[in-house]
Each structure stands twice: as C-alpha cells, then as structure tokens.
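The values are calculated or read from the model by the stated rules, or taken from the named source; none is laboratory data. Note that the structure is a prediction, hence the values are computed from the model and not measured. As a convention, Cβ positions derive from the backbone with ideal geometry for all residues, glycine included, and neighbour counts pool all protein chains shown.
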Amino acid sequence: MAMTAPELRWPRVAAHLHEALADAGTPLCAYVYDLEALRRHATTTARSLPPGFELFYAIKANSDLPILQTLAPLTHGFEISSGGELAWVREHFSEVPLIFSGPGKTDAELASALDLGVDALHVESQHELERLAWLARARGVIAPVLLRVNLAVDGLQATTLMMGGKPTPFGIAGDQLPGCLAWLRAHPQIRLRGFHFHLMSHQLDAAAHLRLLDAYLQQVSLWRAEYALNSLDQVNVGGGIGVNYREPEQQFDWAAFAEGLPALSAHRDGLTVRFECGRYITAFCGYYAMEVIDVKHAFGRPFAVASGGTHHFRTPYAQGHSHPFRVLPVETWRYPFPRPGVRDARISVVGQLCTPKDILAQDALVDSVRAGDLVVFPYAGAYAWHISHHDFLRHPHPRHWYLPAESTHAAG
Ligand SMILES: *Cc1c(COP(=O)(O)O)cnc(C)c1O
C-alpha cells in the first residue's frame, strides 16, 4: 500500500495548543480540528472520483457544525442515521441532499424524512418498507427508496467490523429480497431507486475494495435482469474506508482506488455509484490533546496520567488499539519541587477515570514525557468525541477548537 495519509499539520496544531496553554489555568484538555486540512482532504477525495460516482459524508462520524459547514460544498450530500441527525442537518442546511439510513427507524423518523425531504431512504426490512408505504400513502407522496441488502458477496474479506455477509440486524437478507421485490410491484408509494450495500468497515486495502464494489455491481446487474427492475438509477456502496491507526504510515490508497473506478463501468450499466464515507473523511483533521498531570511507575512500568480520558476519546478502546500520539514539550513548571518524567521509555497514557480500561496508548516508545507536557493524539476527527460517554465521572468536557479553513472557495 502506498503512503497516502493526508498530511498532518502538526506545526499549526502545536502552535495553537501552546498559545492556549498560556492562559489555560487548569490542565489543558481539548479537541482541535484543522478545518483547512479537512477542506484539502475532502476536496482531493471528492475530485478524484470519475463521472458517475458521488461522495456523501456519513455525519455520525462527526456531526459538529463547523465540520458539516466545511464539507457541505465539497461533497454531494450527507448520509444521516437518525431523526436527530435529520433535524440537525435540516436546521442548518435546507438544501443539502440527504440519504436516510440506519436500523430501527421509527414512524416519526420516517414521517419527518418524507416531510423534510430526503433524496433517498435506505430501507432495512420489509416491515419498515410497509410502514414507509403506509406513511407515504397518507401524505400522498412517493418515497424514494434503496433496499439495504445483507449478502455474502465474493470479495468480502473479513475486517474487524462486519455488518453483512453473516447474521446481523442490518439490511434485508438475500433470501428475503424476492419477497420484497414482489411486494414493491403492488405498492406504487415506493419508488425503488436502487440497492444499498454497507457490509463492512475498516477497509484498508484499495484493490480488495475495488473487487468488492465490482461484486456489488455484478449482483445488481443480475437482479435488474432477473426482476426486470427498470426504475433503478443508483447503487450505494456504503462507506467503510478504514483509517490505519496501528501503522499510520500505511493508509488506504485512495488515489489508486479512484484510478480503478472507471474500470467498474462494465457492470455499472449507467447507474450512479454513491459512497457514504464517514471515518475516512474526518478522522485525519482531528486531534485530542491532554496535559500530563502525573508520571508514575507501578511494578516497573511507567504511566502518564493525563487530563481527560476515554470518556472524551473512546476510539482506542472501541477499536482495541494503542493510539499513536506525540509529546509536545512544555517548558514551564510551576511547582517548587521536582518534575516527574521519564526518558527513552515505553509508557502507557491513561486518563482520569477510575477504571483500568481508561487507556489511550499502551507501552508506547517516547523520548521524553514529563508532567506538564502535552500528549496529542492525531486521527481523532471521526468516531472520537461523538462515540464517547461524556458524563461518566462528571469531569469537565474538553474544549473544542476549530482552526479555520484558509480558503472557503468550494471545489465543485
Ligand atoms: C456508519 C455508516 C457509514 C459510514 O461508515 P464509515 O466506516 O465511517 O465510512 C456508512 N453507511 C452506513 C449505513 C453506516 O451505518
């Protein structure tokens, strides 16, 4: 795999943190989002797609307003997965095209999707389809739908997060599809626009992902012929592009991936292919910074205890990895007694929670780390703050800083 990690802009982030530290008062704890880095990465990613391919952003990865404002002009639209996300997006963006997916949609959520207007609903079961048709009929509207399917597809190699190809609550299992398609023929309140596949996440292999997309498109082509499906205009191939937290130099090779997309046209039959990526879009722009409160040893092992923890930044625990980080040295030391620290050591970085699970990095090699230094975790822009249990122990929430984009000109 080529090294295609979007460049991390450490000097900008470090300068901001040092400035903030000067008047912090209490130990610093903050998320820093580099919106310029986000703008560049999203622009490159979206622009590399050939005609016929569209990029939506799955906002559950990070739905902060400055993030969405940066991405709205750069992507084709947003993918939302709850009524809360729908209301949030429509409050701030009246026009952005939306895809509504996710399991367990309530009647109220389906109804507000019809009322507020979405480009497509991804339906997860026949019962959901029936409720949607019932709500659409009552409103005298037609609901645009993609059926989310759960299939064992050729080329679906296992990753650490699988949503399909095995028993899961997601999508319509392949054996129930013929029944749904027959039901649809008698229900004109639903317009079938296509099929949706989101079978896995954490994909790091561009060639494997191209093979998987090819298998999706071949499958759709077979269904189109077999069931005479004439209304289709798209295939949604989900998100799932991974971020390599363990070997940050080895990231998904998006450039090679994009170059391989035109070759899929053989099975595309003129359908638009949509991506709905979350992690890959926003992970790289975020940093979680903690001030080291204490450095101590237990049974021969050093620990840096820092302000914050997994209640702010659950990503390492959720993914089961030791998260990469950098130490930003801070020279000020305000106490009249010695400063605890270690040099050339393997250290674990932990937070302030009263649980041994509050570990962000384990046995990581550092040149030096002292109380009062900052430890900063990159790749913290997606599934970080938004998946964390913020009020466990009632510690203060971190600051959230958004370093502005340097240019607001949209990339078409
Ligand atoms: C979460 C989710 C996504 C985004 O997945 P990433 O791995 O963040 O790209 C896309 N589609 C659906 C249906 C999802 O649930």
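Which condition does Gln362 not pass, out of (1) closer than 21 Å to Pro6 by Cβ; (2) of a type outside the set (A, V, I, L, M, F, W, C); (3) more than 21 Å from the chain's Cα centre (by Cα), if it passes all the others?
(1)
For Phe275, work out the one condition from (1) away from the ligand (no atom under 16 Å from the Cβ); (2) in a strand (DSSP E or B); (3) buried (at least 24 other Cβ atoms within 10 Å of the Cβ) it doesn't fulfil.
(1)
Given the options Ile142, Ile241, Ile190, name the one that is within 16 Å of the ligand (Cβ to nearest atom) and in contact with a helix residue (DSSP H, G or I) (Cβ under 7 Å, 6 or more places away or on another chain). Before the answer, list the steps.
Values: Ile142 fails: within 16 Å of the ligand (Cβ to nearest atom); Ile190 fails: within 16 Å of the ligand (Cβ to nearest atom).
Unique residue meeting the criteria: Ile241.
Pick out the one residue from Leu213, Leu199, Leu204 that is under 30 Å from the mean Cα position of the chain (by Cα), in the same structural domain as Arg246 (by TED's automatic domain parsing) and without any contact (Cβ under 8 Å) to a residue 60 or more places away in the chain.
Values: Leu213 fails: without any contact (Cβ under 8 Å) to a residue 60 or more places away in the chain; Leu204 fails: without any contact (Cβ under 8 Å) to a residue 60 or more places away in the chain.
After applying the criteria, what remains is Leu199.
What is the number of the single condition among (1) over 30 Å from Leu68 (Cα atoms); (2) modelled with pLDDT under 95 that Val369 does not meet?
Evaluating Val369 over (1) over 30 Å from Leu68 (Cα atoms); (2) modelled with pLDDT under 95 leaves (2) as the failure.
Going by the conditions given, is Phe252 touching a Gly at 6+ places or on another chain (Cβ under 8 Å), within 16 Å of the ligand (Cβ to nearest atom), closer than 30 Å to Ala364 by Cβ and part of a loop (DSSP other than H, G, I, E, B)? Write out each step before concluding.
Working: touching a Gly at 6+ places or on another chain (Cβ under 8 Å): yes; within 16 Å of the ligand (Cβ to nearest atom): yes; closer than 30 Å to Ala364 by Cβ: yes; part of a loop (DSSP other than H, G, I, E, B): yes.
The answer is yes for Phe252.
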